[in-house]
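Reading through the structure tokens given below for one structure.
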Amino acid sequence: MGAKQTAGTPIDSGVLGGRSAGPMVPRLVLGMRLRELREERGISREAAGHAIRGSRSKISRMEAGRHGFKPRDVEDLLTLYGVTDEAERATLLTLADEANTPAWWQYFNDVVPAWMQTYLAAEQAASLIRCFEVQRVPGLLQTPDYARASLRLAHSDASEEEIERRVALRLSRQRVLHRRPATRLWAVLDEAALRRPVGGIPTMRAQLRHLIEICRLPQVSLQIMPFLGGGHSAEGGPITIVRLPGSELPDVVYLEQLATGLYPDRPAEIECYWDALNRLAVEAESPDETPTILHRILQET
């Protein structure tokens, strides 16, 4: 899974080799605790926002783990919420520092839109990722050449240098499947994603061979939704759900669109997308059948 590297690319520098997954988990933990404290005191988001010279929406983003934390804001909120225990204050302020720690993907800030940063943070912290893809092989399973061709289609005006940086980012993200402990990936692919020769026939054949190899990994489960299966439960488009470590953190639903990404976060919405993926897993071919199906498509390509 080598990448064409540009000068200073941190792929082999050790930045990605450790267990650090960036600020996502401390942000979520701190946000959840601040919400609990606010609700215990019966304080509105508007009042909390006013106390830190902000707005209701800023408090909402902080509590959802989608906003950085200024130490002064955290201190002011803790005072507003009546937290006087020095040990708890110190713990929460330490979480605020960790929540502001630069993540490795900030090296790629020039090619990472703001709306995608929440997903990258969740992906790198994930214990489990479940997804459904319609037109493309998931980014975590792409070969360099397939990734390059896919990115050229999505960014037709980009320079070769920019494309190579986007490829490097995509390949760097794949480290989650090979670290210890590895993130588990459970993906369902529509057959169309395997029949569409992105990058041409040689690139697609290499991609199919890569899928045959990688679906043998114990941390990867790959299912295929065949054309003959007819309609299915996720016809609205691609879905990704990220499960974070621990039992208290909420799952992250991510719906990537052409120029933005959506994060439905109401419990009923999250449950709806889980239901769709669970039904897909039943409707698609068994993971045991995947190598046979991929070999057949490879022979026909």
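Rg and Dmax of segment 175-246, both derived from C-alpha coordinates alone, stand at 14.2, 43 Å. With both labels modelled 7 Å from their Cα along Cα-to-Cβ, the residue 257 to residue 47 distance reads 3.6 nm. Tell me, what is the Rg over Rh of segment 19-77, with Rh the Kirkwood radius over Cα pairs? Here the Rg-to-Rh quotient is 0.98.
At the listed q of 0.13, 0.18, 0.20 Å⁻¹, the Debye profile of segment 170-301, built from one uniform point per Cα, gives log10 I(q)/I(0) equal to -0.64, -1.22, -1.43. With the convex hull drawn around the C-alpha atoms of the chain, the volume per residue stands at 144 Å³. When you count the other C-beta atoms within 10 angstrom of each residue and take the mean per peptide, 58-68, 256-266 line up highest first as 58-68, 256-266. Coupling constants for segment 209-214 follow from the phi torsions by the Karplus curve (6.51 cos²θ - 1.76 cosθ + 1.60, θ = phi - 60°), and in residue order they are 5, 4, 5, 4, 6, 6 Hz; glycine and proline get x. In segment 111-228, Rg over Rh equals 0.95, where Rg is the alpha-carbon radius of gyration and Rh the Kirkwood radius from pairwise Cα distances. Model label sites at residue 91 and residue 115, defined 7 Å from Cα along the beta-carbon direction, differ in position by 3.8 nm.
Just so you know, all these numbers are worked out from the coordinates, no wet-lab data involved. The structure displayed is predicted, hence computed values, not measured ones. FYI the Cβ positions are ideal-geometry reconstructions off the backbone, even for glycines, and counts take in every protein chain you see.
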